[in-house]
Amino acid sequence: MTAPALVGLDAAGTPEVWAAAGFTVVDGVVTIGHVAVRVGVGEKGLAAWALTGIPDTTNIDGLPTRVTDDAPPEPVEHPNGASLIDHLVVWSPDDARTIAALTDLGLEVKRVREDARPGFRQTFLRAGEVIVELVAADRPPAAGPARFFGIACTVSDLAACADLLGDRLGEVKPAVQPGRSIATLRGRDIGLEVAIAFMSE
């Protein structure tokens with residue numbers, strides 16, 4: 001079996017609001033790097049992910065899942081300069097449980113970080129070209145499913161992205177990753193209920 005890879009996401013938002021965020025939409029799909037984002041699914045946030053290279057399942061610790069044999073899509077150019085999804089953020093009330101569910105399917109833990117934000121722990125796993133950033137509070141595990149939080153996209157020129165989006169983009173700030181910058185899309189201002197950030201290369 002090949003290594004697990006993220007090749008698709010289902011996300012809320014009409015094609016028009018995704019276009020207002022600077023993305024190219026073709027037949028209801030926004031292809032970012034080698035990930036096809038099907039838009040208009042659900043009312044808010046990310047509804048599901050599609051993975052290759054894992055056993056057949058519809059749910060991974062509460063994360064709605066589509067298993068596919070489809071080849072990753074070819075990248076598409078976007079006015080905002082997005083070239084790939086740098087990372088997908090997942091929240092878990094019990095990260096040990098969620099990590100076990102992910103590693104059982106073949107994803108590999110690459111790093112654990114406990115000093116990025118006080119009171120939180122981050123675990124990084126690779127799923128193809130995308131990093132899954134699993135975030136949990138540094139406290140005893142709680143009940144409840146894991147859930148998708150949002151995505152961070154790498155853009156070729158963050159300053160140009162900021163110029164294009166104007167007030168639709170928040171302040172450009174230093175990212176946790178050394179030498180990189182990040183800015184958060186003000187999605188609600190344009191009716192896009194998906195958490196999206198843009199990062200420099």
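Throughout, read-outs are computed from the coordinates displayed, never taken from laboratory work. What you see is a predicted model; the values in this text were computed from it and never measured. Here Cβ is always computed from backbone atoms with ideal geometry, including for glycine, and neighbour counts include all displayed protein chains.
Label-to-label distance for Arg66 and Glu43 is 2.2 nm, based on points extended 7 Å past Cα in the beta-carbon direction.
Divided by 2.2 N^0.38 Å, where N counts the residues, the Cα radius of gyration of region 90-160 comes to 1.20. Quotient of the Cα radius of gyration of region 150-201 and 2.2 N^0.38 Å, N being its number of residues: 1.05. With the charge dipole of the chain set up from +1 on Lys and Arg Cβ and -1 on Asp and Glu Cβ about the Cα centre, the Cα lying farthest toward the positive end among the listed residues His78, Asn59, Val35 is that of Asn59. Length gained on full extension, Gln177 to Asp56: 40.1 nm, using 0.36 nm per residue less the C-alpha separation. The order of Glu133, Glu16, Glu74, going from fewest to most other C-beta atoms within 10 Å of their C-beta, is Glu74, Glu16, Glu133.
Each of Ala142, Ala48, Leu6 was placed along the dipole of region 1-152 (beta-carbon charges, centred on the mean Cα), and the one lying farthest toward the positive end is Ala142.
If you count the DSSP beta bridges with both ends in region 16-89, what percent of them are antiparallel, to the nearest 5? Antiparallel bridges make up about 70 percent of those DSSP assigns within region 16-89. The Rg/Rh ratio for region 5-199 is 0.95, where Rg is the radius of gyration of the alpha carbons and Rh is the Kirkwood radius. Estimated purely from DSSP H runs of n ≥ 4, each contributing -39500 (n - 2.57), the mean residue ellipticity at 222 nm for the chain is -3500 deg cm²/dmol once divided by its residues. Given +1 at the Cβ of Lys and Arg, -1 at the Cβ of Asp and Glu and no other charges, the dipole of the chain around its Cα centre is 560 debye to the nearest 20.
Cα centroids of region 10-60 and region 154-201: how far apart, whole angstrom? Using only Cα atoms to place each centre, the spacing works out to 19 Å.
Given their separation in residues at 0.36 nm each and the Cα-Cα distance between them, Ala3 and Phe120 gain 39.3 nm when the chain is fully extended. Most tightly packed first, judged by the mean number of other beta-carbon atoms within 10 Å of their residues, the peptides 161-173, 29-41 read 29-41, 161-173. Close amide H partners of Ile60, meaning residues 5 or more places away or on another chain with modelled amide H under 5 Å apart, are Thr65.
Close amide-amide hydrogen proximity is noted between Val89 and Glu133, Phe149, Gly150, Ile151, Ala152, each under 5 Å apart and 5 or more residues distant or on a separate chain (H modeled in the peptide plane; Pro and chain starts excluded). Annotation: extensible slack from Glu129 through Lys110 equals 5.5 nm (criterion: 0.36 nm per residue apart, minus Cα-Cα distance). Across region 5-199, C-alpha contacts under 8 Å between residues 6 or more apart give a mean separation that, scaled by the residue count, equals a relative contact order of 23 percent.
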